[in-house]
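Heads up: the structure comes next, in structure tokens.
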Amino acid sequence: MTRNIELAVVMPVYNEEASIEAVVTEWVQELNRLGISFVLLAINDGSKDGSGVVLQRLAERYPGCVTPVEKRNAGHGLACRTGYFLAVERGAPWTFQVDSDGQCDPRFLSSFWSCRDQADSIFGERKTRDDGRSRTLLSTACRIGTFLFCGIDLKDANVPYRLMRTSALKEALARIPDDFYMHNIALTLALKRDFSLRWKYVPIHFRERRGGTGNYNFKRMAGLGWELLLNLHKIRR
């Protein structure tokens, strides 16, 4: 029998064998410390290393709290989408998304959780970060580009630290095509276009990744960014 949960945590995973055990453990500890009833959905996006094996071990260590989900590799955005729909199916009133590389610090979670009575979408805003100037510039370019193309300031549009009322998430997902690659940015726009939603931004610090190798290529990301801008019109109002 599925237990009642307050929060579904969506965590996409790709080739994070070196760090995923420590990352999941610190999140489970913080969620338990805050007394939140949760399930952590670890979406293994076709990892080529031993990430899947580690996730199965974590599921045995934290039964009912950590649920590995295996899928073919399709990229971070579509892994998030898989997790979002599973969160909706679980029926938790709140959905929270973070990444699996250790850059998201659990110590900010309490600030997000305490805002949930005043907001429907609570997003982190990376005020400081340890992952390099190029990533900061890329986030800035994304903010400017999406504003010019859609006329809405999405702030930190791709931030992987977001708490959303699941009912609002469900409605936003219905407006995004299934194959939209950069799903986190598309979701931010879909949520922003719902003017009935209450928003809150929480300043966060973004750490350096804990281990492994980031799947980051500036030229490739620039190309994906341009493709994103050309396809924003596909997100239904």
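Count, please, the residues in the range 158-180 that happen to be in contact with a strand residue (DSSP E or B) (Cβ under 9 Å, 6 or more places away or on another chain) and closer than 16 Å to HIS76 by Cα.
Adding up the residues that qualify gives 4.
Of all the residues that make up the range 93-102, how many are part of a loop (DSSP other than H, G, I, E, B) and within 19 Å of VAL39 (Cβ to Cβ)?
Number of matching residues: 3.
Considering only residues that are part of a strand (DSSP E or B) and in contact with a Ser or Thr (Cβ under 9 Å, 6 or more places away or on another chain), look in the range 22-67 and name the one that is farthest from ALA8 (Cα to Cα).
ASP45
Name every residue in the range 103-146 that is surrounded by 13 or more Cβ atoms within 10 Å (Cβ to Cβ), more than 21 Å from PHE38 (Cα to Cα) and basic (Lys, Arg), in order of residue number.
Listed by number, the residues that qualify are ARG126, ARG129, ARG135, ARG143.
Among the residues of the range 34-49, are any of a type outside the set (A, V, I, L, M, F, W, C), in contact with a Gly (Cβ under 9 Å, 6 or more places away or on another chain), farther than 24 Å from GLU89 by Cα and surrounded by 14 or more Cβ atoms within 10 Å (Cβ to Cβ)?
Scanning the range 34-49 turns up at least one residue that is of a type outside the set (A, V, I, L, M, F, W, C), in contact with a Gly (Cβ under 9 Å, 6 or more places away or on another chain), farther than 24 Å from GLU89 by Cα and surrounded by 14 or more Cβ atoms within 10 Å (Cβ to Cβ).
Do we find that SER134 is assigned to a helix (DSSP H, G or I), within 23 Å of ARG116 (Cα to Cα) and either among the small types (Gly, Ala, Ser) or modelled with pLDDT under 95 (or both) in this structure?
For SER134, the condition - assigned to a helix (DSSP H, G or I), within 23 Å of ARG116 (Cα to Cα) and either among the small types (Gly, Ala, Ser) or modelled with pLDDT under 95 (or both) - is not met.
Looking at this structure, is GLY223 modelled with pLDDT under 90, among the small types (Gly, Ala, Ser) and closer than 20 Å to GLY145 by Cβ?
So GLY223 fits the description; yes.
Checking the condition aromatic (Phe, Trp, Tyr), modelled with pLDDT of 80 or more and under 21 Å from ASP130 (Cα atoms), which residue from TYR161, TYR216 passes?
Just a single option satisfies the conditions, and that option is TYR161.
Please determine whether any residue of the range 6-18 is of a type in the set (A, V, I, L, M), in contact with a Gly (Cβ under 6 Å, 6 or more places away or on another chain), farther than 24 Å from ALA168 by Cβ and assigned to a loop (DSSP other than H, G, I, E, B).
Yes - at least one qualifying residue is present in the range 6-18.
Could you check how many residues of the range 68-83 are touching a strand residue (DSSP E or B) at 6+ places or on another chain (Cβ under 6 Å) and either assigned to a helix (DSSP H, G or I) or surrounded by 24 or more Cβ atoms within 10 Å (Cβ to Cβ) (or both)?
So the count comes out to 5.
Among ILE43, ILE5, which is closer than 24 Å to HIS183 by Cβ, touching a residue at least 12 places away in the same chain (Cβ under 8 Å) and more than 18 Å from the chain's Cα centre (by Cα)?
One residue alone meets the criteria, ILE5.
Being assigned to a loop (DSSP other than H, G, I, E, B), hydrophobic (A, V, I, L, M, F, W, C) and closer than 14 Å to THR82 by Cβ is the filter here, so list the residues in the range 166-190 that pass it.
Correct list: ILE176, PHE180.
How about the range 106-119: which of its residues are in contact with a Phe, Trp or Tyr (Cβ under 8 Å, 6 or more places away or on another chain), farther than 13 Å from TYR201 by Cβ and either among the aromatic types (Phe, Trp, Tyr) or in a loop (DSSP other than H, G, I, E, B) (or both)?
Once the filter is applied, which keeps residues that are in contact with a Phe, Trp or Tyr (Cβ under 8 Å, 6 or more places away or on another chain), farther than 13 Å from TYR201 by Cβ and either among the aromatic types (Phe, Trp, Tyr) or in a loop (DSSP other than H, G, I, E, B) (or both), the range 106-119 yields only ARG116.
Testing LYS155 on (1) surrounded by 21 or more Cβ atoms within 10 Å (Cβ to Cβ); (2) closer than 23 Å to ARG207 by Cα, one condition comes back false. Which one is that?
Among (1) surrounded by 21 or more Cβ atoms within 10 Å (Cβ to Cβ); (2) closer than 23 Å to ARG207 by Cα, LYS155 violates only (1).
The values are calculated or read from the model by the stated rules, or taken from the named source; none is laboratory data. Quick caveat: nothing in here was measured; it's all calculated off a predicted structure. Cβ coordinates were reconstructed from backbone atoms using ideal geometry, including for glycine residues, and neighbour counts include every protein chain displayed.
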